[in-house]
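A short write-up of the structure that comes next.
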Amino acid sequence: MKEPDASQPSDDLPASNWKRPLPAPHPPLRFSPGSILASAIARRQREVAAVSRQASELFSAHLERDAAFRKLLAKMAEQNLRSRLQVMGKVWSDVAEGFRAPNWPPDADVYELISIMEGGIPLVWIPPAQVIDDLVSADAETRSEVLVASRDAVLRSCRDRLGEVAGPNLAHCVKLLVESVDVAEHGSWGAAQALAASVWDTLIRGLARNSVELQKPSRRGPRFEYPHFRDQLPRFSDDTLLSRVRSVCVLEPIHSALTAFHGGVVPEVYSRHATAHATSPRQYTVANSLIAMMLAVSLIREIEETGWACTIEDDESPDSDEPAL
């Protein structure tokens, strides 16, 4: 597939919404040992090594008879090391920013967190670190009980993260998610779950509109389908780049939320499809309501942070005289 020109907006992304696309699961670039480029690099390394040996022999002669020269070199080496450490610190800071979510406990085991997210519970941006510690300490069967016991802290965290989203194209989604938190705080958990699920659905469709890979090809053109969208999302693995760990973790719970449901026994774990098509008490629970809100808040906060292109279907103001919600 031809790589898009990074200097121009693509045909799939309107110029007004041109932002960074969703991360694709490409492996890191590696050089082939037998390639022309690798050979050129190896040749240059040999040339540099030869010059370094000559310089070392020259400096050695001066070092033996010139104490001032030795002090000068020592000072230059110290300054060079300090400069290199500063550069390395900046690089590591940039990598760490993409690696660790700000709400993760400092000593968290990423693989333990991944296991929880694979089970459908979002852990990026929300909930607070203490709730994450409690979830890690619990087994898979009791984690929903931990969420319910921590519902006040989870809702506060959701509200705080929504206050950090300033993108104008996301404003109405933020407003609706705040309403979801409001009604949950007043005990209307079912209404909160249904509303949060709808907003989250709007967001994932908004992401798909800006990515041909996330849409299923058809004779009538690319279209959105849940199974195809889910299967195209990058998943965490040992090959995931450190700078992309956080973003990939945001997407991880989507796989569980979009598990197929075509009727029959209604699942007890959170399901977008069961929430929309099976209003059963097995699906509509306090725990699932919290997860629905957490999914939407985690995703919209990451869109704000990364600048992923998310085109809401109706970004224009309504022409109708009816007041907007």
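Annotations for the structure displayed:
- For segment 104-306, the Kirkwood hydrodynamic radius comes to 17.2 Å, computed from all pairs of different C-alpha atoms.
- Listed peptides 295-308, 133-146 appear in the order 295-308, 133-146 once ranked by packing, highest mean of other Cβ atoms within 10 Å at the front.
- Ordering of 173-179, 103-109, 121-127 by packing is 121-127, 173-179, 103-109, highest average first (other Cβ atoms within 10 Å, averaged per residue).
- The dipole here belongs to segment 217-315: it is taken about the Cα centre, uses +1 on the Cβ of Lys and Arg and -1 on the Cβ of Asp and Glu, and is about 320 debye.
FYI, it's all coordinate maths here, none of it is from the lab. What you see is a predicted model, and the numbers here were worked out from it, not measured in a lab. Glycine also receives a Cβ, built like all others from the backbone with ideal geometry; neighbour counts cover every protein chain displayed.
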